[in-house]
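S.K.: Below you will find the structure I want to go over with you.
Just so you know, all these numbers are worked out from the coordinates, no wet-lab data involved. The model shown is predicted, which means the values in this text are computed figures rather than measured ones. Cβ coordinates were reconstructed from backbone atoms using ideal geometry, including for glycine residues, and neighbour counts include every protein chain displayed.
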Number of protein chains: 2
Amino acid sequence: MLNMFGILEKPLITITNIIWSFDRTTKQLQVLLVKRAQPPYQNSWALPETFMRTQESADEAALRLIREKIGLNLSDFYTEQLATFTNQQRTSNERALSLAYMTFLPEMPALKAGYGALEARWFAFSAVQKRYCLSNRQLTFQTAAEASETAYYQALKQQQPDQHLAFDHEWILRLACQRIKNKLNYQPNILLVLGAQFTLKEARMIYAAFLGIKPSEIDNSNFKKTHKHLFKDIGISSSKQIGRPAKLYRLASNKVEF
Amino acid sequence: MLNMFGILEKPLITITNIIWSFDRTTKQLQVLLVKRAQPPYQNSWALPETFMRTQESADEAALRLIREKIGLNLSDFYTEQLATFTNQQRTSNERALSLAYMTFLPEMPALKAGYGALEARWFAFSAVQKRYCLSNRQLTFQTAAEASETAYYQALKQQQPDQHLAFDHEWILRLACQRIKNKLNYQPNILLVLGAQFTLKEARMIYAAFLGIKPSEIDNSNFKKTHKHLFKDIGISSSKQIGRPAKLYRLASNKVEF
DNA sequence: TTAATAAAAGTATTTGGTACTTTTATTTTT
DNA sequence: AAAAATAAAAGTACCAAATACTTTTATTAA
């Protein structure tokens, strides 16, 4: 398509979805990765992706992705937009923008790999964080000094594929961590992975992961006081465990502001 | 483009840029609107837009938009991504996704309408807020209950064009307000419109606009204490005015986290 | 029955937010 | 030139929240 100023871009639209859940037995936050069946980045681990189709909104595509690629048939989850990635160097062949979403599942369902994936697997977030150095590094998006993004995409080409996530997925994950951390104090949507009821210890485990500290560094008593506006005691105690049973809480509001 | 599952979408990409500045004489936050020269929404006020071209990143397109449509040739400003709008009902003809950005100008330059615009004009944000009811209404994007977004796009078709901004631009602006408000306490990028040095009164004017209160309702002394981590006293006093001269401040950090 | 465990519950101290008052530096008026 | 008006800086006292820490309680394991 041409107009008097140049050729308009009509790129493919990739939907990339960071899918979070929580393992109740290990009390570990989980993130879903798939092993790619086809090139590029064949056999590499990647965030689940799909191309957007005609007659479908991005949100719908994000849901279809969950169904098709991961074999999940769920009704109860929450998806929010993360950001859109437009750098030309992010793909090598035909240009594709990536609309990144985050989905929070209130349980940790069994997975089966769908089309395009050799395998779909839950990973403990702490392991992924360590493996791919998703530290709290500041990401600057200042247009005047967008050097860091440019530098990242330059370096991307030299990477060993088997030691990294496919495409710019580490960059996307890093951004997701930053976003979740920023919202921890006013809109901790990440806690939706804890489902309808949870203990404060479980909430603390998640907070600690994004704050970059050990869970033991957060005092239970103080945590309860500081976040009492976010959690509501539902008057039930947790099931059998060593020590006094923990109370169960729910999120105070499921209204989610943008 | 076809694969075994269906037809992939390759939509046009619209870059929509909300451009903010500050009028030092009236101490009013300003937002830039253009009057559309061509259909659809001919003669309606709209946020500045352009189509993305090949060989150009979305960030570059956002910058080109500033140059071409508004005749600004600036080097010193900051642009950040707001969100991406993908609803099919947002355009009537060929499908177009909109990548919305926000740009903060440290001055309020004169405008000249460029290609596609009959006029480009600065509006006092307070007037725009009132005119288009950009109140603090909660916007829910819960995928399970995305009724509000769907309802919005349904209602959009019935709107009187001359009483509203073009396309879904009121929706986009409302989201921008919400985002700015949320970031006021930890990353008030909106204050970049105040330039290299500003008085606390100027900062208070902007805070008040997004908090939905009168500037007089914010106590100067307390505001200073509460936000002292964000502002740095640069030891200079403001120029001649009635009353004791205000000190000048700068933003403590121009590092911007995502 | 006792020890160990883990969380609830409570306390005391420090920090930060809020409401309010006083002081100071400037312009305008007399 | 002096006094009044203005607007912000600077200070104060009080209340609420965050933090560090201790005690109590409900449970399991030995």
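S.K.: I'd like to know which of A:98, A:180, A:19 lies farthest towards the positive end of the charge dipole of the protein assembly as shown, counting +1 on Cβ of Lys and Arg and -1 on Cβ of Asp and Glu.
M.R.: Among A:98, A:180, A:19, the one farthest towards the positive end of the dipole of the protein assembly as shown is A:180.
S.K.: Nearest 10 degrees, 0 to 90: what angle lies between the long axis of helix A:169-183 and the longest principal axis of chain A (Cα atoms)?
M.R.: Helix A:169-183 and the main axis of chain A meet at about 40 degrees.
S.K.: A further question on this structure: Looking at chain A as a GNM with Cα springs under 10 Å, which of A:132, A:101, A:186 has the largest mean-square fluctuation?
M.R.: Result for chain A, Cα springs under 10 Å: A:186 fluctuates most.
S.K.: Hey, what angle do you get for helix B:58-70 against the long axis of chain B, alpha-carbon based, 0 to 90 degrees rounded to 10?
M.R.: 80
S.K.: Now, a different point. Using a 7 Å offset from the Cα along the Cα-to-Cβ direction at both residue B:216 and residue B:156, what is the distance between the two label points in nm, to one decimal?
M.R.: With each label point 7 Å from Cα toward Cβ, the separation is 4.0 nm.
S.K.: If you don't mind, another one. Determine which lysines satisfy two conditions relative to residue A:10: a Cα distance under 16 Å, and not lying fewer than 8 residues away in the same chain.
M.R.: In chain and number order, the partners are B:10.
S.K.: Evaluate E = 1/(1 + (r/R0)^6) for residue A:237 and residue A:24, where r is the Cβ-Cβ distance and R0 equals 22 Å; express this FRET efficiency to the nearest 0.05.
M.R.: Here the calculated transfer efficiency is 0.90.
S.K.: Still on this structure, please answer the following. Taking just the C-alpha trace of chain A, give me its Rg and Dmax in Å.
M.R.: Expressed in Å, the Cα Rg and Dmax of chain A come to 19.6, 74.
S.K.: May I ask you to work out the translational diffusion coefficient for the stretch B:190-251 at 20 °C, viscosity 1.002 mPa s, via Stokes-Einstein with Rh from the Kirkwood sum over Cα pairs, reported in whole µm²/s?
M.R.: The Stokes-Einstein estimate is 178 µm²/s.
S.K.: What fraction of the DSSP beta bridges in the protein assembly as shown is antiparallel, stated in percent and rounded to the nearest 5?
M.R.: Here the share of antiparallel DSSP bridges comes out near 80 percent.
S.K.: Which of the aspartates and glutamates could a cross-linker span from residue A:35 if the Cα-Cα distance has to be under 20 Å and same-chain partners fewer than 8 positions apart are dropped?
M.R.: Within the straight-line limit of under 20 Å, residue A:35 reaches these aspartates and glutamates: A:49, A:68, A:119, A:162, A:168, A:170.
S.K.: Now for a different question. Quick check for me: using +1 on Lys/Arg Cβ and -1 on Asp/Glu Cβ, what's the dipole size of the protein assembly as shown about its Cα centre, in debye to the nearest 20?
M.R.: 1780
S.K.: Do me a favour and compute the ellipsoid semi-axes for the protein assembly as shown from its Cα gyration tensor, root of five times each eigenvalue, largest one first, whole Å.
M.R.: 37, 31, 22
S.K.: What is the helix-to-structure angle for A:147-156, meaning the angle in degrees between its Cα long axis and the longest Cα principal axis of chain A, kept from 0 to 90 and rounded to the nearest 10?
M.R.: That helix lies at roughly 80 degrees to the long axis.
S.K.: Just give me a number: lysine pairs in the stretch B:190-251, eight or more positions apart or cross-chain, with C-alpha atoms less than 22 Å apart.
M.R.: Taking the Cα cut-off of 22 Å, the pair count is 18.
S.K.: Assume the label is 7 Å from Cα along Cα to beta carbon: what separations in nm does residue B:212 have to the matching positions in the other copies?
M.R.: 3.5
S.K.: Could you tell me, in Å, what Rg and Dmax come out for the Cα atoms of the stretch B:10-150?
M.R.: Looking at the stretch B:10-150, its Cα Rg and Dmax stand at 15.6, 47 Å.
S.K.: Let me ask something additional. How much mean residue ellipticity at 222 nm does chain A get from its helices, if each DSSP H run of length 4 or more adds -39500 (n - 2.57) and you divide by all residues, to the nearest 500 deg cm²/dmol?
M.R.: Rounded to the nearest 500, the figure is -7500 deg cm²/dmol.
S.K.: May I pose another question? Taking a label point 7 Å from Cα toward Cβ, how far is residue B:123 from its twins in the other copies, in nm, shortest first?
M.R.: Here the equivalent label points are 4.7 nm apart from this one.
S.K.: Further question on the same structure: Along Cα→Cβ at 7 Å, what distances in nm separate the residue B:232 label point from those on the other copies, shortest first?
M.R.: Here the equivalent label points are 4.5 nm apart from this one.
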